Amino acid sequence: MNLVEKNETLKLIENRKTIRAYNKKELTQEVIEIIIRGAMRAPTAGNMMMYSILQITDQVIKEKLVKTCDNQPHIAKAPLVLIFLADLQRWWDYFDICKIPELCNDIGKEFQTPQESDLLLASCDALIAAQNAVITAESLGIGSCYIGDIMENYEIHKEMFNLSKWVFPIAMVCFGYPKGDKEKIPLTSRFPQKFIHFENKYQRLNEEELTEMFKNVDRKIVEKNAKNLGQDVYLRKSGADFSKEMRRSVKTALKVWLEGNN
Ligand SMILES: Cc1cc2nc3c(=O)[nH]c(=O)nc-3n(C[C@H](O)[C@H](O)[C@H](O)COP(=O)(O)O)c2cc1C
C-alpha cells in the first residue's frame, strides 16, 4: 500500500470529480452547516475573511442563474447553490465606523480604499473557502461543480443580489449527491507534472515542449472549425462568446470597484 492508498484525505483529493448531475436527495440543514463551516475554516489572508457566502434557496433565482451563467441547466437542479463573493465592503464599512478616515487625517496618513490588489486578495480568500467547501462536501459523498460564469453579467447579478460596490461574485459552486454511479464518470487527465511544477524559476515552454505537453492529452476535438486541440480550446473556451462577456463584465465591475478611489 502506498501513502495515498493508506490516507483517506489523499484518496479523496485524488478521486474528486466535478459532478454536474444530481439526484433529488436534499442536503439536510446539518450537512449544509458542515459545508459552510468547512469553508469558513479555510486559511484567510490576515484572518480577515474577505468574502461572503450567498446561499441561493429561491428556485426562481436558480432558474435565472441558468440563463445569466451561459445556459447551464444543472444550476437549477442542484440542491445547494453557493456563490462565493470577494467582499471588502464589510471591512471598509467597519473602518468607517472605527473612524479610520479621521484617524488617517490626524496622523497625516493617506486613507486608501480597496483597489485591484485588494480584489485579488479577497478573491483568493473566497476561492480558498470555496475549495474547502468542495472538499468538505466530497467527504460527505456530495459532488460539486464550480460555475465560473458567475463573473459574467455583472450588472444583472449586482441588481439580483443587492451587491455593493466592494463585493464581487468570483465563483459559484453547485452541490448535490451524484446521480447514477459516480465511478462511471472518468477521472479527467492532467498535464504531465514537469510542465506545471518548476524549481526556483518560471519556465516558459517552447514549441517542442508545448507539443509534447499536448501529445498524450485525451481531449477530443469538438469544434467543427478546429484542426487541432489549440484551435478547439480557443474556439470553445478562451475565444468563445462567454469569455468575451466575462471580460466585459469584469472590466465593468473593476470600474465600479475603483470609482472615486484615491
Ligand atoms: C474556476 C472554475 C470554473 C469552472 N466553471 C465551470 C462551469 O461554468 N461549468 C461547468 O460545468 N464546469 C465548470 N468548472 C469545472 C471544470 O470544467 C472541471 O473542474 C474540469 O473540467 C476538470 O474536471 P474535474 O473537476 O472533474 O477534474 C469550473 C472549474 C473551475 C475551477
Which listed residue, of Glu30, Glu26, is out of contact with any strand residue (DSSP E or B) (no Cβ under 9 Å at 6 or more places or on another chain) and modelled with pLDDT of 95 or more
Glu30
Scan segment 1-15 for residues that are touching a Leu at 6+ places or on another chain (Cβ under 9 Å) and modelled with pLDDT of 95 or more and jot them down.
Leu10, Glu14, Asn15
Under 6 Å by Cβ, and 6 or more places apart or on different chains, what pairs join a residue from segment 145-167 that is under 14 Å from Met246 (Cα atoms) with one that is within 16 Å of the ligand (Cβ to nearest atom) and in a loop (DSSP other than H, G, I, E, B)?
Ile147/Cys69; Asp149/Cys69; Asp149/Asp70; Ile150/Cys69
Output yes when any residue across segment 151-163 is within 11 Å of the ligand (Cβ to nearest atom) and either at pLDDT 95 or above or in contact with a Ser or Thr (Cβ under 9 Å, 6 or more places away or on another chain) (or both), and no when none is.
yes
Among (1) in contact with a helix residue (DSSP H, G or I) (Cβ under 7 Å, 6 or more places away or on another chain); (2) in contact (Cβ under 8 Å) with a residue 60 or more places away in the chain; (3) away from the ligand (no atom under 16 Å from the Cβ), where does Glu63 come up short?
(2)
Listing of helices (runs of 4 or more DSSP H) fully contained in segment 1-55 that carry 1 or more residues being within 16 Å of the ligand (Cβ to nearest atom), surrounded by 12 or more Cβ atoms within 10 Å (Cβ to Cβ) and among the polar types (S, T, N, Q)
8-15
Does Asp125 meet the test of being surrounded by fewer than 16 Cβ atoms within 10 Å (Cβ to Cβ) and part of a helix (DSSP H, G or I)?
no
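The values are calculated or read from the model by the stated rules, or taken from the named source; none is laboratory data. In this text the structure is predicted, and so the values were computed from the model without any measurement. In this analysis, Cβ positions are derived from the backbone assuming ideal geometry, glycine residues included, and neighbour counts consider all displayed protein chains.
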